[in-house]
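Quick notes on the structure that follows.
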Amino acid sequence: MTRLAGVSKALAGTEGIHLAIATIPPGCASSPHYHVNCESAIYVVSGKGRFLTGMHLEETLEIEQGDFIYVPPDSVHQPVNDSLSEPMELIVARNAPVEIVVEFDPATGKPVE
């Protein structure tokens with residue numbers, strides 16, 4: 001997954017917001033992770049896939065173009081692009097100028113060290 005920040009502390013000197021575009025290539029997914037310091041609001045610009053949540057990624061939300069997703073702080077999640085030919089594009093807004101991401105292993109239910 002690639003992220004391109006448009007508004008952030010580094011780019012604009014923000015103190016309470018971060019805005020970016022994330023692109024997930026066909027057939028790919030982000031790593032399971034959570035953010036310790038912020039909430040996230042996500043808008044699906046294009047593509048179709050799944051948004052997995054829960055300590056073991058046991059909850060599945062089908063997502064597609066036009067959907068909005070709310071992610072609370074410390075919520076383990078993983079967006080998945082199910083298309084084998086089209087990228088998935090997401091607009092991601094966070095209520096912190098810099099995100100703190102923790103990679104997570106759903107098999108063990110613990111952060112990756």
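The values are calculated or read from the model by the stated rules, or taken from the named source; none is laboratory data. Computed from a predicted structure; not experimentally measured. Cβ: placed from backbone, ideal geometry, glycine included. Neighbour counts: every protein chain shown.
Here are the numbers for this structure:
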{"quantity": "Residue within the range 11-19 that is surrounded by 15 or more Cβ atoms within 10 Å (Cβ to Cβ), in a loop (DSSP other than H, G, I, E, B) and either modelled with pLDDT under 95 or more than 11 Å from the chain's Cα centre (by Cα) (or both) present", "calculated": "yes"}
{"quantity": "The range 67-99, residues that are part of a strand (DSSP E or B) and closer than 10 Å to Cys38 by Cβ", "calculated": "Val71, Ala93, Arg94"}
{"quantity": "Complete set of residues in the range 56-75 that are touching a Phe, Trp or Tyr at 6+ places or on another chain (Cβ under 8 Å), surrounded by 15 or more Cβ atoms within 10 Å (Cβ to Cβ) and within 14 Å of Ala29 (Cα to Cα)", "calculated": "Ile63"}
{"quantity": "Failed item in (1) on the phi > 0 side of the Ramachandran plot; (2) touching a Pro at 6+ places or on another chain (Cβ under 9 Å); (3) of a type outside the set (Asp, Glu), with Gly109 passing the rest", "calculated": "(2)"}
{"quantity": "Test: residue in the range 39-53 that is part of a loop (DSSP other than H, G, I, E, B), over 20 Å from Glu89 (Cα atoms), modelled with pLDDT of 95 or more and under 14 Å from the mean Cα position of the chain (by Cα)", "calculated": "no"}
{"quantity": "Residue in the range 30-39 that is under 24 Å from Ala107 (Cα atoms), exposed (fewer than 14 other Cβ atoms within 10 Å of the Cβ) and in contact (Cβ under 8 Å) with a residue 60 or more places away in the chain present", "calculated": "yes"}
{"quantity": "Given (1) surrounded by 13 or more Cβ atoms within 10 Å (Cβ to Cβ); (2) farther than 18 Å from Thr2 by Cα, index of the condition Val92 fails", "calculated": "(2)"}
